[in-house]
Amino acid sequence: MPNGDDVLEALRSSIGLVSLVYICRLYMKLSTFPSIILPSTARTHLIKQAVTDRYNNSHTTEDIIMVTNMIEINKDFIDRVLLLSDMDRNSITLDINHITMDVLNDMILFPFTNICIDCTRSLTSYRYKSVHIIDCFKTNRAVAVTAECKTCTLIYNHSSWYSLKYRWRKINNSSLNSILKVFYLCDSFGFTYSVFFDYTCQLLHDQCPFQSFSRILIDRYNYEHQNNNIILQPIPLAKLFQSHSLLYQIVRFEFMLGKTRIVNLPVSLNRNELNYHFECYSGWWHHLFTTFWSRHKSIPNIKCSPSDCSRCVIVDGHQKCRRLVCSFKNIVDTSIEEMTSVEIGCPYTPCRRMQSSDSVDAIYCRYHQPSILLSPSLDLQKASERAAEFSTIMNSDHPSHEGRFVGLNSQAAEQAFQYISRAKFALRNFSFPHSTAMLLIMLHLLNCKMTGINSEIIGVEFLHFGDIIKDFFATPCIYERFGTLNGEELSKDDDDDQSDLDHNITFEDMP
């Protein structure tokens, strides 16, 4: 009986070391098929063809048969030597700065670069944090590594880089192009691109709310015993997934429709920072959306018919909303010259009942409490007069239209908006301005699906309509129109249940 060294030497000399390892892996995998499905002759031919295609060399059938027979006789030995089956069952732990990692099984989320983007100097001060990555079928243990540029005071992680001083976070194509397909911003959780894609499919087809999707994930982890000993709750996971999913889709949205190669995000998942970012960017996002989708028929190889696409524009003058909004109505929009002033009311959510007291009115938002004195709008009377005038002129049978709109389908808007009405369960937990961003992303993804345009392609709008799209412009937040508010009211957070950044936890720098 030959010893192990003799077996390996015989195999190496007959087939070559590189081809040997590949053949061993193929044979171990294919040998699990019963002979009635994959006969030995077919298995030999398959292995021979695979080795030839991979390494561009030619081995005779007799060589393959001799090698596979020796592998079969010494299968246990080959398996132990080449570690073909037990790598996932082993673990090797390593302690780095009080963080214990399994170097064989844990994911390592290194910074996307080791050179500062601003000054091109090497990054230093590496820090480590234990996190979990949410996937479709399991939670993965991971170690998130951050690095700092001391000169620029910038911190780099797996998916972005950010400044604590100026409260911004940036993402470029390089940071988004993760080899691990993981989107990690801060805190103790990240998400795979696969779980975002899974949710997007369910959102477009079934209008699945975030909380329902989170319950599905948790039930699946428990059933498969793949939760890695962490206890996930539906509501916190839904809030966390909602923030990451929205930000991820917004990044893809800006890369596809904008002209910039760097996307700005809030530095943390703090509710106030997200609200401010969504309001500030909403006007520019709307510009990118309308510019592209009102002209997309000129893009080649799309599914929709160029002769029928975008032949009409449907406008609905009233959005029926079931979510709770502030009862303060004395707010107008003066941005449309033809309509002078339009009463829009306050879009913010009222104070929660749990926060209600003798000094807090639960039907008003924090900006319109009775203790806050704001000047009434001077444009309401003018707006009411113009609204009464338009209510007559906008009738389809008005003489000024000269019969052009006789027989017009007045329900066209409602019929076209059936998709939005079916999505009420997915949108019911959203308040302004999250609802605006979510609806924009939903319609954008739906349009991409209908037209066959890949939503992950970068620079599509700039390629076709680069002379039309504008650079970023900020949209004033609605609360800035209310009048003078004190700093305490502006900084107060109704829903600050999200922790800040991972840097709030103390780490030790590498020596």
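The values are calculated or read from the model by the stated rules, or taken from the named source; none is laboratory data. Remember, predicted model here, so these are calculated numbers, not experimental data. Here Cβ is always computed from backbone atoms with ideal geometry, including for glycine, and neighbour counts include all displayed protein chains. Ligands, DNA and RNA are excluded from the accessible area calculation, which covers all protein heavy atoms including side chains. Shrake-Rupley method; radii C 1.70, N 1.55, O 1.52, S 1.80 Å.
In Å, what Rg and Dmax follow from the Cα atoms of the stretch 150-230?
Values for the stretch 150-230 (Cα only, Rg and Dmax): 16.2, 49 Å.
Between Glu343 and residues 5 or more places away or on another chain, which pairs have amide H atoms under 5 Å apart, with H built 1.01 Å from N, and which residues are they?
Asp333
Can you pull the Rg over Rh of the stretch 114-203, Cα-only, Kirkwood?
Dividing the radius of gyration by the Kirkwood radius yields 1.01.
When you count, for each residue, the other Cβ atoms within 10 Å and take the mean per peptide, how do 265-275, 113-123, 209-219 rank with the highest first?
Packing proxy ranking, top to bottom: 265-275, 209-219, 113-123.
Keeping every protein chain present and rolling a 1.4 Å probe, give me the accessible area per residue for the stretch 66-194 in Å².
Ligands and nucleic acids excluded, the figure is 49 Å² per residue.
Loop only by DSSP, 15 or fewer other Cβ within 10 Å of the Cβ. Give me the chymotrypsin sites (Phe, Trp or Tyr not before Pro) in the stretch 95-168 that pass, ordered by residue number.
The qualifying sites are Phe137, Tyr166.
Roll a 1.4 angstrom probe over the protein heavy atoms and tell me the percent of accessible area of the stretch 26-66 that is carbon or sulfur.
With neighbouring chains kept in place, the figure for the stretch 26-66 is 58 percent.
Cα-based Rg (one decimal) and Dmax (whole number) for the stretch 209-267, in Å?
15.2, 45
From the phi of every residue in the stretch 215-232, what ³J(HN,Hα) in whole Hz does the Karplus formula 6.51 cos²θ - 1.76 cosθ + 1.60 yield, where θ is phi - 60° and glycine or proline is x?
Those phi angles translate into 5, 4, 4, 5, 4, 5, 4, 5, 5, 8, 6, 10, 8, 6, 6, 10, 9, 9 Hz.
Give the shape of the stretch 172-281 as rounded, prolate or oblate, defined through the alpha-carbon gyration tensor: a ≥ b ≥ c are the square roots of its eigenvalues, a/c under 1.5 means rounded, and otherwise the shape is prolate if a/b is larger than b/c and oblate if not.
prolate
Place the peptides 29-35, 129-135 in order of packing, highest mean first, counting for every residue the other Cβ atoms within 10 Å and averaging per peptide.
For the peptides 29-35, 129-135, the packing ranking is 129-135, 29-35.
Applying a 10 Å radius around every beta-carbon, put 138-148, 285-295 in order of their mean neighbour count, most first.
Going from most to least packed, we get 138-148, 285-295.
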